[in-house]
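Written out below as structure tokens is the structure these notes cover.
Read the figures in this text as sums done on the coordinates, not as results from a lab. All figures in this text were calculated on a predicted structure; none of them were measured in a lab. Neighbour counts run over all protein chains shown; Cβ positions are idealised from the backbone, glycine included.
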Amino acid sequence: MIHEARFMFESEYSDIIFASLSPEEEVDFPGRTLGTCTCSAGKNLEVTIQAADLSSLRAALNSWLRLVQVSEEMSHIAKNCMSTT
């Protein structure tokens, strides 16, 4: 059985977050999890995680959601630094 979780985010940095998460994607299902992300309509980011079991899903969710959070925070910090120089 495959378990799946899907999250939608709206951010002014969606394209930047997408670019930073894309290298983390897998093109096949090599281990117990598979994560993908898509960016559409300018500000919408969708992250989908599939896993072979619930504990793997939880672990992958922790990783991917933290990556989204860090990317958002760093994009905001970078924007603020650029506007003050």
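What to note about this one:
- FRET efficiency, 1/(1 + (r/R0)^6) with R0 25 Å, evaluated for ILE77 and THR38 via beta carbons: 0.50
- MRE, 222 nm, helices only [DSSP H, n ≥ 4, -39500 (n - 2.57), over the chain, to nearest 500]: -15500 deg cm²/dmol
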